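Have a look at the structure below, then the notes.
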Amino acid sequence: QVQLVESGGGLVQPGGSLRLSCAISGGTLDLHPIGWFRQAPGKEREGVSCMSNTDGWINYADSVKGRFTIFYDNATNTVSLQMNGLKPEDTAVYYCAADYAYSGNDCPPWGYDFWGQGTQVTVSS
């Protein structure tokens, strides 16, 4: 069974940076897409960035374009999210997720079956 474990969250000032990492274990054969999602209190979980680790496509939410970068390390089976220029609005629990069968090129939470436990990101001065 695929397992995902996030790390790297924390408290950062506006304009600062954080790098989230997600270790994937349990096998990655035919596993795609992979992505990062976030959920703030009282809000729906939303896709932040997702990608195909086999086909090369990458999508970003409009709110993070130009600030966040997703990347996958094949050697370590790790998906990371580099977050620059952080804003208070980015405060949320961030989750990594993956799927075996979802055929879309986007980041709907319902399209992903395997989820990590989440890591808190707080952007505040």
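The values are calculated or read from the model by the stated rules, or taken from the named source; none is laboratory data. Note that the structure is predicted; figures quoted are calculated from it, not measured. Cβ coordinates were reconstructed from backbone atoms using ideal geometry, including for glycine residues, and neighbour counts include every protein chain displayed. For the accessible areas, the whole protein counts, side chains as well, though only heavy atoms, and no ligand, DNA or RNA atoms are used. Shrake-Rupley method; radii C 1.70, N 1.55, O 1.52, S 1.80 Å.
Looking at TYR102, TYR94, TYR72 in this structure, which one is under 19 Å from PRO33 (Cα atoms), open to solvent by less than 10 Å² (accessible area, probe 1.4 Å) and of a type in the set (Phe, Trp, Tyr)?
TYR94
Could we say that SER63 is under 23 Å from SER124 (Cα atoms), out of contact with any strand residue (DSSP E or B) (no Cβ under 6 Å at 6 or more places or on another chain) and surrounded by 12 or more Cβ atoms within 10 Å (Cβ to Cβ) here?
Spelling it out, SER63 is indeed under 23 Å from SER124 (Cα atoms), out of contact with any strand residue (DSSP E or B) (no Cβ under 6 Å at 6 or more places or on another chain) and surrounded by 12 or more Cβ atoms within 10 Å (Cβ to Cβ).
Take ASP73 and tell me if it is acidic (Asp, Glu), modelled with pLDDT under 95 and within 14 Å of the chain's Cα centre (by Cα).
Yes, satisfied.
Using beta carbons and a limit of 6 Å, which pairs, at least six apart or on different chains, have the first residue in segment 32-47 and within 21 Å of GLY104 (Cα to Cα) and the second one open to solvent by 80 Å² or more (accessible area, probe 1.4 Å) and assigned to a loop (DSSP other than H, G, I, E, B)?
Listed by first residue and then by second, the contacts come to HIS32/THR54.
I'm trying to understand the selection: among the residues of segment 1-48, which are β-branched (Val, Ile, Thr), at pLDDT 95 or above and either within 14 Å of the chain's Cα centre (by Cα) or open to solvent by 30 Å² or more (accessible area, probe 1.4 Å) (or both)?
Once the filter is applied, which keeps residues that are β-branched (Val, Ile, Thr), at pLDDT 95 or above and either within 14 Å of the chain's Cα centre (by Cα) or open to solvent by 30 Å² or more (accessible area, probe 1.4 Å) (or both), segment 1-48 yields VAL5, VAL48.
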